[in-house]
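What follows is one structure encoded as structure tokens, with my remarks underneath.
The values are calculated or read from the model by the stated rules, or taken from the named source; none is laboratory data. Since we're looking at a predicted model, the values are computed, not measured. Methodologically, a virtual Cβ is constructed for each residue, glycine included, from the backbone with ideal geometry; neighbour enumeration extends over all protein chains shown. For accessibility, only protein heavy atoms count, side chains too; no ligands or nucleic acids. Shrake-Rupley method; radii C 1.70, N 1.55, O 1.52, S 1.80 Å.
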Amino acid sequence: MKNVMDTLRERGFVKQTVFEDDLYKLLGEESVTFYTGFDPTADSLHIGHFMQLIAIKHMQDAGHRPVILIGGGTAMIGDPSGKTDMRKMMTKETINYHVECFKKQMSKFISFEGKNGAIIVNNADWLLNLNYVDFIRDIGVHFSVNEMLRAKCFETRLERGLSFLEFNYMLMQGYDFLRLFNDYGCKLELGGDDQWSNILAGANLIRVKEKKPAYAMTFTLLTTSEGKKMGKTEKGAVWLDESKTSPYEFYQYWRNTADADVEKCLKLLTFLPLEEISDLVKFKDERMNRAKEVLAYELTKLVHGEKKAEEAQSQARAAFGGDGEMPEKHISADTATIISVLVSADICSSNGEARRLIQQGGVSLNDNKVTDINETVKNGDIIHKGKKVHVKIIFD
């Protein structure tokens, strides 16, 4: 079987590793138990998490065993990596609810059955009952404050002020790896490259304390060719929960991917063969639209299922003049003016936003630019917000 590290490299995942030759040999010779951590800071996974799930799926398909670590304990502190401000601390009840939501979503992508079936563990099980003095004596003694202060994950927080609460995060994540090593034989931690210092700390802790090999691998972050983080819209994150980001909105987000980012997204976020991806992106002209449609469809199918992917594609094609069914919004029959319709149809969040959008020339009714904030909308009219939102209005 092909070494999974080759697969991950070819598709552009791998950013940093330690003891790379040894890790490559290990992944080619035996089934390796590895883990990836997820902080339950919301009640849904987002597209950044999805990229991690794809990597986990590649690993599992190659015969390796995933441990999904839910950070129920570390979430009570908050990860300072790359943050300018301290995160809001959550209650245990909120964290437990988020953990349950994560479990349901992950089961769509990762198998929890069979010889290398994934398991989910929550670090609250061991972190919340730690004796602090014992922890500092047993674990803290292996961490250098000087080295921690040089870690890139603390860089932006040091400028604004890093609390001692957050400073403990690296020790706790390192301890997570140690516990998973001892409890489940976990030898490798995977994560985004912004977690490099924390992941490396855990691997080093095992090597120093247990005198046994442990490995770290980070993946490239999902960014545009301009270096901006992908998965963000005007409304916020692109969520996997369809009540937060509808299948149509999800599809449209990927359909509007910049030409320069299509190949990378196809490699990182789909399971299409590399040869097929090369064929899709070889033309740097209007034919790239076909590649964007494939990207949007494949991602929507993975997250929401084939039926909803087909519906979203049909709606998108209709919105841009092709064949298909235009997305509809059903609203109250007594809502008639353009401003009230924009708000009732959830196209704008408030009357003020709707008024500003009209004044800035961002709204069209059917094929005409709206200039009058009191313009009347009729049943079956199509509202266009900019170039990406197109909705048929149906009065109930």
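For the reader, a short list of remarks on this structure follows.
- One residue stands out among those in region 343-361 that are in contact with a strand residue (DSSP E or B) (Cβ under 7 Å, 6 or more places away or on another chain) and open to solvent by less than 20 Å² (accessible area, probe 1.4 Å): the one that is nearest to residue 254 (Cα to Cα), which is 347.
- Output for region 21-68, where each listed residue is within 19 Å of residue 178 (Cβ to Cβ) and either of a type in the set (Val, Ile, Thr) or open to solvent by less than 10 Å² (accessible area, probe 1.4 Å) (or both): 23, 32, 33, 34, 35, 36, 38, 66, 67, 68
- Candidate set: region 100-130, residues that are of a type in the set (A, V, I, L, M) and in a loop (DSSP other than H, G, I, E, B); chosen: the one most open to solvent (accessible area, probe 1.4 Å): 128
- Residues located in region 139-151, provided they are modelled with pLDDT under 90 and either over 26 Å from the mean Cα position of the chain (by Cα) or not aliphatic (A, V, I, L, M) (or both): 140, 141, 142, 143, 144, 145, 146, 147, 148, 149, 150
- The helices (runs of 4 or more DSSP H) found entirely in region 191-295 that carry 3 or more residues being among the small types (Gly, Ala, Ser) are 196-209.
- Within region 13-66, the set of residues being under 20 Å from residue 108 (Cα atoms), charged (D, E, K, R) and part of a helix (DSSP H, G or I) comprises 57, 61.
- Residues of region 364-384 satisfying the condition of being open to solvent by less than 50 Å² (accessible area, probe 1.4 Å) and either farther than 14 Å from residue 344 by Cβ or in a loop (DSSP other than H, G, I, E, B) (or both): 364, 365, 370, 377, 380, 381, 382, 384
- Residue 11 vs. criteria in contact with a Lys or Arg (Cβ under 6 Å, 6 or more places away or on another chain), at negative phi and either at pLDDT 95 or above or open to solvent by less than 10 Å² (accessible area, probe 1.4 Å) (or both): yes
- Looking at 270, 224, just one residue is open to solvent by 20 Å² or more (accessible area, probe 1.4 Å) and more than 30 Å from residue 148 (Cβ to Cβ), and that residue is 224.
- Checking each residue in region 152-196 for being open to solvent by 40 Å² or more (accessible area, probe 1.4 Å), more than 13 Å from residue 36 (Cα to Cα), at pLDDT 90 or above and not acidic (Asp, Glu) picks out 179, 182, 184.
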